[in-house]
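Q: For reference, the structure I am asking about is given below.
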Amino acid sequence: MALEYYLVLSALLFTTGVIGVLIRRNAIIIFMCIELMLNAANLAFVAISRSLGEATGQVFVFFVMTVAAAEVAIGLAIIVSVFKHQQTINVDEVNSLKG
Amino acid sequence: MSKELIVVLLVAPLVGFLINGLFGKWLKGSEKLSGWIGTLVVLVSLVCSIIVFASLHGGAAPFDETLYEWITGEGFAFNIGFHVDALTAVMLLVITGVGFLIHVYSIGYMHGDEGYTRYFAYLNLFVFAMLILVLGNNYLMMFVGWEGVGLCSYLLIGFWYDKQSATDAGKKAFIVNRIGDFGFLLGMFTLFAAFGTLDFGTMFDAAEADNFQKVFGASTLVIATLLLFVGAIGKSAQIPLYVWLPDAMEGPTPVSALIHAATMVTAGVYMIARSAVLYEIAHTGQVVAWIGVLTAFFAATIALTQNDIKRILAYSTVSQLGYMFVGVGVGAYASGVFHLVTHAFFKGLMFLTAGSVMHAMANELDMRKMGGLKSKMPITHLTFLVGALAIAGFPFLSGFWSKDEILHSAWGSNPLIYGIGLVTAFLTAFYMFRLIFVTFYGESRVEPEVASHLHESPPVMWVPLAILAIPSALIGLLLGWGGHESWFHEFTKNVFPEAHHDASGNVLVFMAISSVVGLAGIAFAWRRYSKRAPSDEPTGTFHGLLANKYYVDEVYNALIVQPVKNGSHFLLWKLVDNGVIDGIVNGVAALIRFIGGLLRRLQTGLVQAYIISMVLGIVLFLAYYLFFT
């Protein structure tokens with residue numbers, strides 16, 4: 001299959017993630033959207049790596065997945081403690097950093 | 001005379017200062033050790049001074065050598081260098097000799113004081129600074145010593161710093177001296193501008209050369225010498241800057257003896273004697289002599305009515321310093337310095353005896369509460385009597401010779417100065433014996449609880465008194481016999497320019513007049529005060545004026561201190577500091593605050609608002625790279 005299909009799919013996934021982050025108010029959804037963006041990048045990595053016949057991109061993907069796993073651990077912990085503190089995970093109501 | 005000898009002489013007290021100053025904490029346990037270290041280093045200097053003196057007396061050439069260059073620049077060089085001639089040798093002997101005895105005395109006097117080691121550290125530092133002052137071969141070295149002794153004077157006046165009056169007196173001395181030092185500095189600048197050097201030798205040679213007169217004229221020297229004299233007025237407590245010296249008596253009494261009677265306050269006289277060449281060319285000696293004689297008279301009149309022993313001695317010192325300035329002012333430099341020497345001994349002695357009285361009287365200084373101390377403190381009484389007789393000009397004692405030489409020279413210069421000086425001599429004899437009769441004679445007015453442990457001072461205190469009493473009595477006779485052909489004049493004749501004063505009239509007549517005047521003063525004091533104490537209340541307007549010291553402190557306060565304070569308060573503090581400086585600082589802060597207020601609108605606290613701006617930014621950059629490059 002041609003490389004373009006994978007890249008288009010990757011771009012679609014990424015855009016979905018960005019739009020999700022921008023318009024959703026639920027912190028967990030936003031979080032999932034970030035994951036979506038990361039995986040879009042992963043898809044592009046793997047596709048390009050395959051087409052170039054080089055393993056470097058695939059190695060990168062492992063790193064990204066590791067980082068994503070760590071991010072999930074920390075991010076969920078943050079969300080839990082925000083909920084404990086504010087009784088909500090609606091990001092519009094979590095605005096105590098307002099200047 | 002070698003370089004090493006001079007260095008040892010100078011550095012010994014510095015070593016004492018460093019030991020006592022840096023390791024005083026460890027020495028505190030053994031007070032004696034600290035005191036003796038401080039004393040022994042001065043003894044080392046004294047021995048060196050005697051060697052220096054002996055070699056000069058044996059005909060050695062004056063020593064003048066540069067140790068190293070201190071500050072160099074284009075067209076100028078200031079050196080650390082020493083000049084030792086007869087004048088220096090005399091000063092060295094006075095400083096280390098009187099200094100040594102006062103150190104010994106202090107071991108007893110300061111016994112048990114909280115700041116024992118600190119005291120000896122300061123005292124050693126003072127001796128070091130004073131030695132720099134007299135050893136330096138240029139005005140800058142002299143100035144370093146000049147400031148050094150001023151600092152030590154300040155530290156020692158305010159030695160008991162938990163006493164408000166002592167710290168105030170220290171500040172007063174420092175500030176008043178600063179006015180004089182400012183004059184000294186300007187004088188140095190003027191001299192440097194004219195000569196391009198501050199070295200005594202080079203400068204005096206140049207000043208004597210004919211072409212200097214043509215290039216700069218005498219007016220430069222008139223200005224320079226008068227400015228230097230302003231420095232001397234401050235340091236040596238002359239009108240109008242004498243006010244600090246009586247207050248300086250807040251310090252420990254041995255300090256008053258060493259710094260504020262024998263050595264530091266005579267620095268001005270030394271400076272003028274050292275600059276004799278300049279004063280001769282500039283003809284400003286008359287100004288010096290007039291300030292001197294007026295101070296002598298003025299201070300003597302104040303001393304008439306004081307009841308505090310140390311204050312009487314302080315005004316007496318101011319008065320005697322006036323005599324010295326008359327001496328150097330009328331061109332009788334050797335006589336002025338001679339009086340400096342005799343005065344150092346008898347006034348040092350009298351201060352130490354006053355300290356001995358204080359020691360016995362539980363720090364009481366008011367002589368109305370004394371009386372009849374003669375039987376309780378025989379040695380103190382006797383030594384004080386020697387000092388008082390010497391200052392009063394009793395025939396053949398020290399003051400008689402030196403004061404008479406000055407008066408004689410003054411007659412040749414200006415009979416009016418002589419007349420005022422003679423009246424002052426009468427007043428001197430009167431107030432000194434008023435002090436003696438009220439303190440040591442008559443009925444005891446000592447309070448009972450003090451009287452019960454009234455005692456003679458310990459040997460470590462009275463031995464220095466006894467030793468000092470000998471030169472106080474005899475040094476005048478030894479050094480001054482023969483008037484202007486005396487040993488002292490012979491010894492110092494190469495240092496000073498040729499005396500131009502007219503030594504007219506029969507010396508014996510002058511001596512007779514002085515003696516009669518002195519004895520009359522004593523007799524008058526005996527008639528008035530041998531039986532009764534001074535009255536508590538002033539008996540007339542004039543008496544009140546004198547008792548209040550002519551209200552000089554009050555006038556200075558109203559004319560100078562208060563305007564400066566008000567100026568500082570309203571102009572500098574309220575207007576400049578609060579208005580201008582704080583205004584600028586607060587204004588900058590307010591501006592930043594305003595800009596921040598605008599920018600903080602961006603900080604919504606909404607994460608998504610931030611992300612939108614981020615995404616927009618990325619899109620814009622991407623668009624730019626894709627379509628425009």
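Q: Any idea what the dipole of chain B comes to, in debye rounded to 20, about its Cα centre with Lys/Arg Cβ at +1 and Asp/Glu Cβ at -1? Write down the numbers at each step before the final one.
A: Details: 33 positive and 39 negative charges, 336 e Å.
Dipole about the Cα centre, nearest 20: 1620 debye.
Q: Can you give the FRET efficiency to the nearest 0.05 for B:L474 and B:N494, using r as the Cβ-Cβ distance and R₀ = 35 Å?
A: The formula returns an efficiency of 0.85 here.
Q: For B:K32 and B:W481 in the same chain, what is the full-extension length gain: residue separation times 0.36 nm, less their Cα-Cα distance, in nm?
A: Stretched fully, the B:K32-B:W481 segment lengthens by 157.5 nm.
Q: Continuing with the same structure: Based solely on its DSSP helices, what 222 nm [θ] is calculated for chain B when runs of n ≥ 4 H residues each add -39,500 (n - 2.57) and the sum is averaged over all residues, nearest 500 deg cm²/dmol?
A: Mean residue ellipticity at 222 nm (helix-derived): -23500 deg cm²/dmol.
Q: Another question, then. At most 16 other Cβ atoms within 10 Å plus a DSSP loop assignment makes a site exposed; report the longest stretch of chain A without any exposed GluC sites (Glu not before Pro).
A: On the way: sites that count: A:E54, A:E93.
Longest gap between qualifying sites, sites excluded: A:1-53.
Q: Modelled label-to-label distance, B:V8 and A:Q86, 7 Å Cα→beta-carbon offset: nm?
A: 8.6
Q: Using packing as a proxy for protection, rank B:190-198, B:238-246 so that the peptide with the highest average count of other Cβ atoms within 10 Å comes first.
A: Details: B:190-198: 18.2, B:238-246: 23.2.
Ranked from most to least packed, the peptides come out as B:238-246, B:190-198.
Q: Still on this structure, I have one more. Starting from the Cα of B:I612, step 7 Å along the direction of its Cβ; do the same at B:D366; then give the gap between the two resulting points in nm.
A: Roughly 8.8 nm, to one decimal.
Q: Quick one: go through the range B:132-154 and flag any residue whose amide nitrogen is under 20 Å from the point 7 Å out along the Cα-to-Cβ line of B:V15.
A: B:132-133, B:135, by backbone N distance to the label point.
Q: Order these peptides, B:401-413, B:430-442, by their mean beta-carbon neighbour count within 10 angstrom, highest first. Walk me through the numbers before you get to the answer.
A: Details: B:401-413: 26.6, B:430-442: 24.3.
Sorting B:401-413, B:430-442 by mean packing, highest first, produces B:401-413, B:430-442.
Q: Round to a whole angstrom and tell me the spacing of the C-alpha centers of the range B:40-65 and the range B:280-304.
A: First find each Cα centre; the distance between them is then 33 Å.
Q: For the range B:598-629 and the range B:307-331, what is the centre-to-centre distance using only Cα atoms, to the nearest Å?
A: Computed from Cα coordinates, the inter-centre distance equals 87 Å.
Q: Now a separate question. Per residue of B:601-611, count partner chain C-beta atoms within 10 Å of its C-beta, then hand back the mean as an integer. Walk me through the numbers before you get to the answer.
A: Working: counts 2, 1, 4, 4, 8, 7, 8, 8, 4, 1, 5.
Average per residue, whole number: 5.
Q: For B:E114 and B:E447, FRET efficiency with R0 = 30 Å and r from the beta-carbon atoms, rounded to 0.05?
A: The computed FRET efficiency comes out at 0.70.
Q: Which entries of B:K376/B:K531; B:K374/B:K403; B:K347/B:K493; B:K25/B:K172; B:K171/B:K310; B:K235/B:K549 have Cα-Cα distances beyond 24 Å here?
A: The pairs that break the limit, which is 24 Å between Cα atoms, are B:K374/B:K403; B:K347/B:K493; B:K25/B:K172.
Q: Considering the Cα positions of the range B:232-343, please state its Rg to one decimal place and its Dmax as a whole number of Å.
A: So, for the range B:232-343, Rg and Dmax equal 13.3, 44 Å respectively.
Q: Roughly how crowded by other chains is peptide A:80-92, in terms of the mean Cβ count from those chains within 10 Å of each of its Cβ atoms?
A: 1
Q: Of B:T117, B:V230, B:V44, which is farthest along the charge dipole of chain B in the positive direction, counting Lys and Arg as +1 and Asp and Glu as -1 at C-beta?
A: Value computed over the given set: B:T117.
Q: Averaged over peptide B:614-624, how many Cβ atoms belonging to another chain are found within 10 Å of each residue's Cβ? Please list the in-between numbers first.
A: Details: counts 3, 4, 0, 0, 1, 1, 0, 0, 0, 0, 0.
Across B:614-624, the average partner-chain Cβ count within 10 Å equals 1.
Q: Residues with beta-carbon under 13 Å from that of B:Y556, excluding B:Y556: net charge, scoring Lys, Arg +1 and Asp, Glu -1?
A: On the way: positive: B:K172, B:K549, B:K565; negative: B:D247, B:D553, B:E554.
Charge balance in the 13 Å sphere: 0.
Q: Students often check this: by mean Cβ neighbours within 10 Å, which of B:575-586, B:353-364, B:540-551 ranks highest, and how do the rest follow?
A: Going by the mean number of other Cβ atoms within 10 Å, highest first, we get B:353-364, B:540-551, B:575-586.
Q: Using a Förster distance of 35 angstrom, determine the FRET efficiency expected from the C-beta separation of B:E554 and B:S530, and round it to 0.05. The partial results should precede the final answer.
A: Details: r = 34 Å, r/R0 = 0.97.
For R0 = 35 Å, the calculated efficiency reads 0.55.
Q: If you don't mind, there's one more thing I want to ask. Under 8 Å for C-alpha pairs, at least 6 residues apart: give me the relative contact order for the range A:26-86, rounded to a whole percent.
A: Relative contact order, the range A:26-86: 36 percent.
Q: Among B:A590, B:V341, B:G251, which residue has its Cα positioned farthest towards the positive end of the charge dipole of the protein assembly as shown, with +1 placed on the Cβ of Lys and Arg, -1 on the Cβ of Asp and Glu, and the dipole taken about the Cα centre?
A: B:A590
Q: Could you give the size of the charge dipole of the protein assembly as shown about its Cα centre, using +1 on the Cβ of each K and R and -1 on the Cβ of each D and E, expressed in debye and rounded to the nearest 20?
A: In debye, rounded to 20, the protein assembly as shown gives about 1780.
Read-outs: derived from the displayed coordinates by stated rules, not from any lab. Source: prediction; values computed, not measured. Glycine also receives a Cβ, built like all others from the backbone with ideal geometry; neighbour counts cover every protein chain displayed.
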